[in-house]
Amino acid sequence: MRRSAFALAVTLSQVGCAVAPPPKKLPPPVKETPENAAEIARDIVRGRAGALFEVGRFRFHPSASAIGRLAVWGPSLEKIGLDPLYDVDRAFVTSEYALGDSGIAVLEMHRPDAEVAGAISAAGLSSNPEAAFPATHVTLKTGETRVIALVRPGLVVVAPTYQEGRLDVLRTRARLPRIPGRTAARFFAFEPSSSLGSMPRWPSTVYAAHAELEFNDAGGAVIRFFAESTSEKQAAADAVALTDEAHHLLALDLGIFEMHLLDPPEFHAEGRRVMMQTGLLPGDVDWLLRFTGKP
């Protein structure tokens, strides 16, 4: 996943003899396995960080396109004429390292399959006509290349081209998890001190972190965060460390005085869990979605 959109928390085509052509090989049937498509994607890239987005809940926000930056699924879809916000209902992105370039995105589409397949075919099929699913390669402005594959009806995958041969495992009836209520995104990171970027700095004693982003009617949002620490005593220390890091990250040193870009959140411990909840104004949400996690 190429950059983190969440600073403090934390996730695809359709020869023969002229006299009697042989029957066309049919694609293998979609498997009946009930697995979660997000977990299958995590297995492909050994994902330790990621996010799940209810894309429809982002469409109203002026900075919504920023979520497509993760695993570069947004720019990749745009290369073949698809709209990342209005042609996608749900997106899951994951990678072993949040700032690496090996991220994979699994997208449940809003646009009809025939139109998605047509966009892929028009861009130039990447494999032979008897492949199990239509796929194309795109090259982005950064020079990165991605495969876009319609692995099965309704499900598109955007991944590094070297992962193309591994995408068959997503030809199941598995779907992405639904996020109930009004929550627009869920983020996760295992071993965040190594799986996430250098900003913010995470205590090595935090071994799993999760967060949720929920918009309100005014364009602001609420963030709910929790993390697991190694002990109750360590959780208290980690809460202090994360609070200090949040204040440092969100402060702008002007020499004479320090100005906070956002209202820094306060973390607290409950047993071995580190908790935080904070509200964001619309401008704060804009800053958060555009945050890259890089110094």
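Just so it is clear, none of the values below were taken in a lab; they were calculated from the coordinates. As the structure is a computational prediction, the values presented were derived from the model and not from experiment. Ideal geometry is used to build each Cβ from the backbone, glycine not excepted, and the neighbour counts take in all protein chains shown.
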Explain nothing, just compute: Karplus ³J(HN,Hα) = 6.51 cos²θ - 1.76 cosθ + 1.60, θ = phi - 60°, for every residue of the stretch 41-55 in order, whole Hz, x for Gly and Pro. 5, 4, 5, 4, 10, 6, x, 10, 9, x, 7, 10, 10, 8, 4
Net lengthening on full extension, residue 175/residue 275 (0.36 nm per residue, minus Cα-Cα): 33.0 nm
Set the Förster radius R0 to 51 Å, insert the Cβ-Cβ distance between residue 140 and residue 233 as r into 1/(1 + (r/R0)^6), and round the FRET efficiency to 0.05. 0.65
Determine by what factor the alpha-carbon radius of gyration of the stretch 37-170 differs from 2.2 N^0.38 Å, reporting the quotient. 0.95
Isotropic mean projected area of the C-alpha convex hull, the stretch 51-101 (nm²): 3.5 nm²
